[in-house]
Amino acid sequence: MIRLPGAGGALRPYEPRPDPAPCVTASAGDPRHGPRGRAAAPFVSRTVFAAAHVVADPFADTAPGGPAALDWDATLAFRHHLWSHGLAVAEAMDTAQRGMGLDWPAAAELILRSAAEARAVGGRIACGAGTDQLTGSAAGLDGVRAAYEEQLACVESTGAQAVLMASRALAAAARGPDDYLAVYGDLLRQAARPVILHWLGPMFDPELTGYWGSADLDAATRTFVELVAAHPGKVDGVKVSLLDAGRETALRRLLPDGVRVHTGDDLHYPELIEGDADGFSHALLGIFDPLAPLAAEAVRVLDTGNARGFRALLDPTVELSRHLFGPPTRFYKTGVVLLAWLAGHQPHFALVGGLQSARSLPHLARAYELADGLGLFPDPTLAEARMRSLLALYGVEG
């Protein structure tokens, strides 16, 4: 007889937090999961964030569309893994399933806990502030602004840098570029320290089509640049996730001096990070979640000025990244979590919201093959055994 964890061997019912605003009311004091060693020294030539996934609690009795339940020990241990390689952590972002299973109460607690862990080990962290506590599409601009303000205050209360995420609610409420400039302008004036602005393309979230007031990307870029230029000293950098290397390179040349471009292009990142005679991109990437050790090694080589060695290490990873981020791109989290399980970072292959089912078995099998070919698994025997167990679950024999 198999007995599951929990009282009497039963699944644990999910118990939501009683706090209506957990980021404001919960203590942000000492880390709850003791430090696992100091963070490695940061890189010299580039600022590199890995957008980190979350580990679901597979024993919580939840359902898709319900509150998210996380395995906090495994979730926070993975952040320590990233810091141990010198990577900064981009927390509560798209890779953590914001708007795709991770609700705002869980995201707020994630921000609190991860920021406390970062302080304890000297790791760098930036956290996403959005509007996903809103439901429906009738919030209006005032409601969107208030939701952003709540989350911005939450992030800044922890000492973390804020990433102003793209908002589905703002995309629904805005009637043109001026509405974006007004809402973001108010937020930037209130921000206690320079933020990172996030432009997430519709391939990652179809509800963000026409962001910045136009489906014409040239017009949207003009609005984006106007916003940054109008608030000098308030924007530390921008994260661009449009999967268009040429457009990102052009944007680097349009932004005011001192504003960094953090590439979010998981298809062309080696060339964008290397850069050209006119500049380069920093990084804030979901693919650096599974690639952490290899990506860190590559950037340290780049720190020595060896661009050829950097590309020799990172270029072979692009095939895996393009596979994980293939259409529908927004489901890339499934492959990221699969690789974390195969690499031994978590004991199961489950995602919040049931998104482990969002990719086909052939897709998952190919992800395993590509990752294994890159040597990403610390224990290849464990990875093979786990992959065989998944294949068997689907009825594959032999």
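The values are calculated or read from the model by the stated rules, or taken from the named source; none is laboratory data. Because the structure is predicted, anything quoted here is derived from the model rather than measured. Because the Cβ atoms are built from the backbone with ideal geometry, glycine has one as well, and the counts that use them run over all protein chains shown. SASA here: full protein model, heavy atoms, side chains in, ligands and nucleic acids out. Shrake-Rupley method; radii C 1.70, N 1.55, O 1.52, S 1.80 Å.
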Fill in: Residue list for segment 179-203, restricted to those being open to solvent by 10 Å² or more (accessible area, probe 1.4 Å) and in a loop (DSSP other than H, G, I, E, B)
Ala192, Arg193, Pro194, Pro202, Met203
Worksheet, complete the sentence: Those residues of segment 356-371 which are among the charged types (D, E, K, R) and crowded, with 16+ Cβ neighbours inside 10 Å amount to Arg359, Arg366
Discussion item. Could you check segment 354-376 and list, in sequence order, the residues that are of a type in the set (A, V, I, L, M, F, W, C) and free of Cβ contacts under 8 Å to residues at least 40 places away in the same chain?
Written reply: Ala358, Leu361, Leu364, Ala365
Worksheet entry | helices (runs of 4 or more DSSP H) completely within segment 81-174 that count 1 or more residues being surrounded by 23 or more Cβ atoms within 10 Å (Cβ to Cβ) and under 19 Å from the mean Cα position of the chain (by Cα) | 104-121, 140-157
Worksheet entry | Positions within segment 11-60 being within 21 Å of Gly286 (Cα to Cα) and either of a type in the set (Ser, Thr, Tyr) or modelled with pLDDT under 55 (or both), in sequence order | Ser45, Thr47
Worksheet item: Considering segment 217-229 alone, what residues qualify as being open to solvent by 20 Å² or more (accessible area, probe 1.4 Å) and within 17 Å of Leu243 (Cβ to Cβ)?
Response: Leu217, Asp218
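Per-residue answers, yes or no, for (1) open to solvent by 20 Å² or more (accessible area, probe 1.4 Å); (2) in contact with a Gly (Cβ under 9 Å, 6 or more places away or on another chain):
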position	(1), (2)
Asp236	yes, yes
Leu254	yes, no
Gly264	no, yes
Glu271	yes, no
Asp276	yes, no
Phe280	yes, no
Phe288	no, no
Asn306	yes, no
